[in-house]
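Written out below as structure tokens is the structure these notes cover.
The values are calculated or read from the model by the stated rules, or taken from the named source; none is laboratory data. This one's a predicted model, so the numbers in the text were calculated from it and none came from an experiment. We place every Cβ from the backbone using ideal geometry, glycine too, and count neighbours over all the protein chains shown.
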Amino acid sequence: MHRLLPLSEVSSTNRFSNVRLVATDMDGTLTKKGKFTSELLQSLQDLATAGIEVVIVTGRSAGWVSGLAYYLPIVGAIAENGGLFFFGESEKPVALTPIPDLVAHRQQLASAFQQLQTQFPHIQESADNRFRVTDWTFDVKGLTTDEIKTLSHLCEQMGWGFTYSNVQCHIKPLGQDKAIGLLQVLREYFPQYTPEQVVTVGDSPNDESLFDERYFSLSVGVANVLEYANKLQHQPAYVTSAAEGEGFCQLVQVIREAIAAGGHSVPSRKA
């Protein structure tokens, strides 16, 4: 299947009629200029009403994500690019990346960041870094593509993973990424769904594993993903015409119309 097809072409294939769970990035995918809109909140509620589960899969910190998982009409949220999972209204996260000694882990991450600063003294720790458990972040703003490549290589040399989004750069445990975390969550919490019933959504390089068709055949990028298209080894199957949260709302409308046209009944969400 060709990737990066306009979402408008989905009407002829009706591929979204079997969707039962939406796994979506947050910043740049659900937000518009960094904020949730009333249209976005209505779209999330529309999915909930239709019995379609939503799991947010974000690079944001555990501290931020715990509140989102509790208050939004979603079934859960994965934080720190696959590091932790907040299920439903539970305030206690489930570790997807085991960390035996949290204090030592944070110290090692801080040391790795300090090493990066010796070559890139202008990089700044992200404001939400104090609320993190598994990874360490610094702001991506002001960094060139070549600098990001160098930072990634330096992290690899130190035995760390690295990724970045439109907001932050992440120093993270090797093997920790969104797809691996999401697959674990699907196995343990949503075994009733096959991969074909899941659509993944994103907009930037740290969403790339969600676009990997070996894991998820049905993926969507909101229009701003095109800014990174030539940097992504794995590209989404479809792209919306609108950017950011407006693009996500377009996808929700396609899902609802496809399900209605297919005559499928979706079980109501459990109370």
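Scan segment 155-185 for residues that are out of contact with any helix residue (DSSP H, G or I) (no Cβ under 6 Å at 6 or more places or on another chain) and in a helix (DSSP H, G or I) and report the count.
Here the count works out to 9.
How many residues does segment 238-266 hold that are modelled with pLDDT under 95 and either more than 21 Å from Phe216 (Cβ to Cβ) or of a type outside the set (Val, Ile, Thr) (or both)?
Here the count works out to 9.
Considering only segment 216-234, state which residues are over 14 Å from the mean Cα position of the chain (by Cα) and either crowded, with 17+ Cβ neighbours inside 10 Å or of a type in the set (D, E, K, R) (or both).
Scanning segment 216-234 gives Leu218, Ala223, Asn224, Glu227, Tyr228, Lys231, Leu232, His234.
State whether one or more residues within segment 147-154 are without any contact (Cβ under 8 Å) to a residue 60 or more places away in the chain and assigned to a loop (DSSP other than H, G, I, E, B). If you could, list the steps in order and put the result at the bottom.
To start, the set of residues in segment 147-154 that are without any contact (Cβ under 8 Å) to a residue 60 or more places away in the chain comprises 147-154.
Okay, now just the ones that are also assigned to a loop (DSSP other than H, G, I, E, B), so none.
Checking segment 147-154: not a single residue is without any contact (Cβ under 8 Å) to a residue 60 or more places away in the chain and assigned to a loop (DSSP other than H, G, I, E, B).
Specify the residue that is nearest to Ala79 (Cα to Cα); the eligible residues are those in segment 14-50 that are charged (D, E, K, R) and in contact with an Asp or Glu (Cβ under 6 Å, 6 or more places away or on another chain).
Only one residue fits best here, namely Asp25.
Please find, within segment 1-21, the residue that is surrounded by the fewest Cβ atoms within 10 Å (Cβ to Cβ) out of those that are of a type in the set (A, V, I, L, M, F, W, C) and part of a loop (DSSP other than H, G, I, E, B).
Within segment 1-21, the subset of a type in the set (A, V, I, L, M, F, W, C) is 1, 4-5, 7, 10, 16, 19, 21.
Checking which are part of a loop (DSSP other than H, G, I, E, B) leaves us with 1, 4, 19.
Working: Met1: 10, Leu4: 15, Val19: 24.
The extreme case among them is Met1.
Can you go through Val65, Val103 and tell me which one is at negative phi, part of a helix (DSSP H, G or I) and crowded, with 22+ Cβ neighbours inside 10 Å?
On inspection, the qualifying residue turns out to be Val65.
Got a number for residues in segment 22-55 being among the small types (Gly, Ala, Ser) and not in a loop (DSSP other than H, G, I, E, B)?
So the count comes out to 4.
Sort through Phe138, Phe86, Phe113 and tell me the only one that's surrounded by 17 or more Cβ atoms within 10 Å (Cβ to Cβ) and in a helix (DSSP H, G or I).
Details: Phe138 fails: in a helix (DSSP H, G or I); Phe86 fails: in a helix (DSSP H, G or I).
Only one candidate passes the filter, namely Phe113.
Count, please, the residues in segment 90-111 that happen to be within 19 Å of Gly161 (Cβ to Cβ) and either touching a Cys at 6+ places or on another chain (Cβ under 7 Å) or charged (D, E, K, R) (or both).
2
A quick yes/no check of all residues on (1) of a type outside the set (Asp, Glu); (2) in the same structural domain as Thr31 (by TED's automatic domain parsing); (3) not in a helix (DSSP H, G or I):
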site	(1), (2), (3)
Val201	yes, yes, yes
Asn206	yes, yes, no
Phe216	yes, yes, yes
Val225	yes, yes, no
Gln233	yes, yes, yes
Pro236	yes, yes, yes
Ala242	yes, yes, yes
Glu246	no, yes, no
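From the list Ala127, Ala69, which one is out of contact with any strand residue (DSSP E or B) (no Cβ under 6 Å at 6 or more places or on another chain), among the hydrophobic types (A, V, I, L, M, F, W, C) and farther than 18 Å from Gln176 by Cα?
Going through Ala127, Ala69 in turn, the sole match is Ala127.
Filtering segment 69-83 down to residues that are small (Gly, Ala, Ser) and outside any helix (DSSP H, G or I), which residue is farthest from His170 (Cα to Cα)?
Going through the qualifying residues, I end up with Gly76.
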